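The values are calculated or read from the model by the stated rules, or taken from the named source; none is laboratory data. The structure displayed is predicted, hence computed values, not measured ones. Backbone-built Cβ (ideal geometry, glycine too); neighbour counts: all protein chains shown.
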Amino acid sequence: MAQEFLLSPQCSLSSSAPDRSDPARSGCPHRCSRRGSLDAPPRSATERRPAWTGPSARSRPNLVPVCGKITSRIAGQSFQKSRQHHRARLNVLRTETEFVSWLRAQVPSGARGLEIGIGDDGAIVEVRRGHKLVLKADMSIEGVHFTRRVHSPRSVGHRALARSLSDVAAMGGTPRFALTSLAISRVATRAWLRELYAGMLALAKQFAVILVGGDTAVVAGKTVLDVMVAGEVKRGMELRRSGARPGDQIYVSGRLGLSALGLRLLESGRRPSPQDAGAIRAHLYPEPRCALGRYLSRQRLASALIDISDGLSTDLAHLCESSGVGARVRADLIPGPEFPTGHVPNSLDLALHGGEDYELLFTVPPGKTGQVPVRFRDLPLHRIGEIRRSKGVALVRPDGTATPLGPGGYDHFSK
């Protein structure tokens, strides 16, 4: 059974970006006015649950609180759709002009470098002198990258933009503008569409990215969202995955496997525990490492860089192939999820093959490793291995034995 995240009635459409200044709210991306329920004490036996107002008590869904303004519905519960639900499944907006006008009102005007944005035949932007453009597009497909059972529309929008932002970070660039092409399912509601853009625009605001246009269609099938981000990088400062050399040390940021663990927890159907909050947040609301990418570029520390979207094993193989080298990584140095013993069947497998971490994997020449900080803005940086001349990637176990490490992450063409 899986879980579906549903916005409760008090969740505002204009909720802003995650507020991490308050530890009590750090698990909720909606600035909840009370502590997230993952941190709240369990309901007492004498406390009455709120009455269900749906068609019948027998048919009500099992709603599990996840934060002050999100609830999780355990999939597999059959319940009758209300008349209001059927009435909501109308065309998303009456006309395309109405949609464009609504979207233009959500986007700030007067951004630096933006001459013409939403509403004309195309956008016109300026590129600063001495800089190059970094262009990246990523699709988010319903049933492949997200499902309505697990992902709220706000999470879908956030994740769709985060994918492209992370790739710009891997080039050492600064994201500036975004275009979105959306094929919205006819069964989607207006509220679902507004929440999707609310999640996307909240993340865009956090990174000073301006939505400047795109395309929209209503389709009979599933929703498909394509986000293109235009960034910039100072000439000569761009980073690539092809610059690793033998002897370079291999680093990763953050902790790997959390997103895959979060997805596993969401799909398990069980009530989330306080220990699950970090993994669930990592999956639903990943944080692109744009500041770290710029730091590695400006300090000229990284010889090669790639973001971890398909899993460490797969993306390290990509980096090695592009650079014409091999690698050896130590299992005991790879930062997997930290949970009580027995909570995770195999933390190392999640870290190696999980994917969708959007952390950065980079190599550093041996003469510069002393300049790599242990932490960058509270983000830990871990040395996990070394680039080798011989091709292939090897995983060194704690007992010293080395075994080949093949790409085990996600590959669309192998599914």
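Going by what's in this entry, would residue 217 be described as in contact with a strand residue (DSSP E or B) (Cβ under 7 Å, 6 or more places away or on another chain) and surrounded by 24 or more Cβ atoms within 10 Å (Cβ to Cβ)?
Numbers: in contact with a strand residue (DSSP E or B) (Cβ under 7 Å, 6 or more places away or on another chain): yes; surrounded by 24 or more Cβ atoms within 10 Å (Cβ to Cβ): no.
Judged against the criteria, residue 217 is not a match.
Among the residues of segment 292-312, some residue qualifies, meaning at least one is aromatic (Phe, Trp, Tyr) and within 27 Å of residue 203 (Cα to Cα).
Restricting attention to segment 122-169, the residues being of a type in the set (Gly, Ala, Ser) and surrounded by 21 or more Cβ atoms within 10 Å (Cβ to Cβ) number 9. Residue count for segment 165-206 satisfying the condition of being within 17 Å of the chain's Cα centre (by Cα), in contact (Cβ under 8 Å) with a residue 60 or more places away in the chain and closer than 15 Å to residue 224 by Cα: 1.
Results for (1) part of a helix (DSSP H, G or I); (2) of a type in the set (Gly, Ala, Ser); (3) buried (at least 16 other Cβ atoms within 10 Å of the Cβ); (4) on the phi > 0 side of the Ramachandran plot, shown as yes or no for each residue.
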{"site": "360", "(1), (2), (3), (4)": "no, no, yes, no"}
{"site": "363", "(1), (2), (3), (4)": "no, no, yes, no"}
{"site": "369", "(1), (2), (3), (4)": "yes, no, no, no"}
{"site": "373", "(1), (2), (3), (4)": "no, no, no, no"}
{"site": "384", "(1), (2), (3), (4)": "no, no, yes, no"}
{"site": "387", "(1), (2), (3), (4)": "no, no, yes, no"}
{"site": "390", "(1), (2), (3), (4)": "no, yes, no, no"}
{"site": "395", "(1), (2), (3), (4)": "no, no, yes, no"}
{"site": "403", "(1), (2), (3), (4)": "no, no, no, no"}
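For segment 335-346, name all the residues that are modelled with pLDDT under 90 and within 21 Å of residue 406 (Cβ to Cβ). The answer is 345, 346.
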